[in-house]
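The values are calculated or read from the model by the stated rules, or taken from the named source; none is laboratory data. Since the model is a prediction, treat every value here as computed from it, not as a measurement. Because the Cβ atoms are built from the backbone with ideal geometry, glycine has one as well, and the counts that use them run over all protein chains shown.
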Amino acid sequence: MRRKLGLLMAGLGFLCAGIPLAAHHSFALEYDGNKPVTLQGVVTKIEWTNPHARIYVDVTDPQGSVSNWNLELASPSALARNGWSSKSVKVGDKVKFEGFEGRAAGTHRANARSIVLADGRSLFSGAATDTR
């Protein structure tokens, strides 16, 4: 009986360990590599968390309408290898970003390839489509 219980517990442990991997998505599922986007705006929020850091940017269109864009970046560790720190971009910073739009229409989501700060510094964000 103990052996069966031990095998059952080990099996459940292996199943639970694989859940985070199943939750991770592919670039092609969420974003469209045929829809490049370049926009500029003001940073409203930063999430320096795994599995992907995120930056939210208020973008004003030519008609004056403001939309908040959700920019997905690489993981914080990958960003650090690319020269980022959690203080590289701050709320209130004016930025220009390049990336690829989300597949879902009207969601204002993008996988950011790079972000250019107001002082001209460019930060590579480790987009999934880059082979760098």
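Residue count for segment 60-69, restricted to those that are within 14 Å of Arg109 (Cβ to Cβ) and either modelled with pLDDT under 95 or buried (at least 17 other Cβ atoms within 10 Å of the Cβ) (or both): 1.
For segment 77-92, the criterion of being within 22 Å of Asn34 (Cα to Cα) and either outside any strand (DSSP E or B) or basic (Lys, Arg) (or both) is met by no residue. Considering the conditions (1) free of Cβ contacts under 8 Å to residues at least 40 places away in the same chain; (2) closer than 14 Å to Phe27 by Cβ; (3) not in a strand (DSSP E or B), Arg113 is excluded by exactly one of them, (3).
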